[in-house]
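Working notes, structure below.
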Amino acid sequence: MTMCAVCRRNLLAGESYRYWRARRDLPSGRVVCFLCESEAAREGWMRDPRRPSHENAVGLRNSVRRVA
Ligand SMILES: [Zn+2]
């Protein structure tokens with residue numbers, strides 16, 4: 001599960017998010033959902049230049065089964 005660092009909400013499958021960094025944060029950054037980006041900017045966080053990511057659909061990884 002990916003959690004938004006601002007609203008502490010678990011992102012829904014397929015939901016987009018980006019990485020933001022507060023001052024002195026680790027380079028890995030924090031996940032911020034699109035709804036909270038204005039809040040993060042108000043806190044003085046910087047948006048990470050990495051491409052936006054998507055939360056994986058739940059169970060997608062295990063849905064591919066080998067057909068015998
Ligand atoms: Zn959020």
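Derivation of every value follows stated rules applied to the coordinates shown; laboratory data play no part. Because the structure is a prediction, the values reported are computed rather than measured. Backbone-built Cβ (ideal geometry, glycine too); neighbour counts: all protein chains shown.
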Taking R0 as 25 Å and r as the Cβ-Cβ distance between Asn56 and Ser28, the FRET efficiency 1/(1 + (r/R0)^6), rounded to the nearest 0.05, comes to 0.85
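Can you tally the net charge around Trp45? Count Lys and Arg as +1, Asp and Glu as -1, for every other residue whose Cβ sits under 12 Å from the Cβ of Trp45. Numbers along the way, then the final one.
Numbers: positive: Arg18, Arg21, Arg23, Arg24, Arg30, Arg42, Arg47; negative: Asp25, Glu37, Glu39, Glu43, Asp48.
With Lys, Arg at +1 and Asp, Glu at -1, the net is +2.
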Long-range share for the range 16-61, i.e. C-alpha pairs more than 17 Å apart as a percent of all pairs, stands at 34
